1. Cβ-Cβ under 8 Å, sequence separation 6+ or interchain: first residue in segment A:70-94 and farther than 14 Å from A:R41 by Cβ and of a type outside the set (A, V, I, L, M, F, W, C), partner open to solvent by 60 Å² or more (accessible area, probe 1.4 Å) and outside any loop (DSSP other than H, G, I, E, B). Which pairs?
2. Which members of segment A:4-63 meet the condition of being under 23 Å from A:D84 (Cα atoms), more than 16 Å from DNA strand C (Cβ to nearest atom) and in a strand (DSSP E or B)?
3. Scan segment A:76-133 residue by residue and report those that are open to solvent by 70 Å² or more (accessible area, probe 1.4 Å) and in a loop (DSSP other than H, G, I, E, B).
4. Checking A:V71 against (1) open to solvent by 60 Å² or more (accessible area, probe 1.4 Å); (2) in a strand (DSSP E or B): exactly one of these is not met. Which one?
5. Report whether or not A:F149 is at pLDDT 95 or above, assigned to a strand (DSSP E or B) and either closer than 30 Å to A:P26 by Cβ or hydroxyl-bearing (S, T, Y) (or both).
6. Answer yes or no: is there a residue in segment A:45-55 that is farther than 22 Å from A:L133 by Cβ, away from DNA strand B (no atom under 16 Å from the Cβ) and surrounded by 15 or more Cβ atoms within 10 Å (Cβ to Cβ).
7. Identify the residue in segment A:66-98 that is within 30 Å of A:G157 (Cα to Cα) and out of contact with any Lys or Arg (no Cβ under 9 Å at 6 or more places or on another chain) and, among all such residues, is farthest from DNA strand C (Cβ to nearest atom).
8. Considering only residues that are surrounded by 13 or more Cβ atoms within 10 Å (Cβ to Cβ) and either modelled with pLDDT under 95 or at positive phi (or both), which ones fall in segment A:1-12?
Amino acid sequence: MAKAKKYWLLKTEPTSYSIQDLAAEPTQTTHWDGVRNYQARNILRDEMKRGDRVFIYHSNAKPPGVAGVAVVTQEGYPDFTAWDPDDKHYDPKSSQTDPRWFMVDVRLEFVFERLIGLPELRECAALRDMELLRKGSRLSIQPVRKKEFDTILKLAGMAGK
DNA sequence: GCCAACGTTGGC
DNA sequence: GCCAACGTTGGC
């Protein structure tokens, strides 16, 4: 039997890369580069598997909220932007032989018809324990429980999708 | 623009 | 290994 599908949430600042940017990609696929936090790196490298579904979350946005759903199409591999001195996320400590940072590829499934904003998420009892809503939570790659995933799909009018 | 909450860095 | 200083995140 295949491993159970897992669920994640990926934060992005829409001013640098939004779900609309993802939708505009020729294959609606992108590599999720630029993550420079060890806990998030470990998830990207070790835990996210092909077929896992992810929420795209717009952070530092007006308004902030969950914007849509994507699926993992390529499991963790070295984030080559860390090797590029001209890249914003360049890290001289990451090398090709000993890569420090990782990324996955994700393909858009759908953009929500309306963004599910933070206050609405906070109001929802079923989401009480969600990592995103924890005080001081800053992790840019987070696990999401199936129950939470289904709850948010429902809020978005995409139950069962 | 403010600032709380974290994570990282670097002196010791 | 401690911890103060600094940088970043991200909601408001």
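The values are calculated or read from the model by the stated rules, or taken from the named source; none is laboratory data. Note that the structure is a prediction, hence the values are computed from the model and not measured. Note that we place each Cβ from the backbone using ideal geometry, even for glycine, and neighbour counts take in every protein chain shown. For the accessible areas, the whole protein counts, side chains as well, though only heavy atoms, and no ligand, DNA or RNA atoms are used. Shrake-Rupley method; radii C 1.70, N 1.55, O 1.52, S 1.80 Å.
1. A:T73/A:R107; A:Q74/A:H31; A:Y90/A:W83
2. Result: A:T29, A:T30, A:H31.
3. If the condition is that a residue be open to solvent by 70 Å² or more (accessible area, probe 1.4 Å) and in a loop (DSSP other than H, G, I, E, B), then A:P85, A:D86, A:K88, A:Y90, A:P92, A:K93, A:Q96, A:T97, A:D98, A:R128, A:D129 are the ones that fit.
4. It fails just one condition, (1).
5. No, not satisfied.
6. yes
7. Here the residue is A:G68.
8. A:K5
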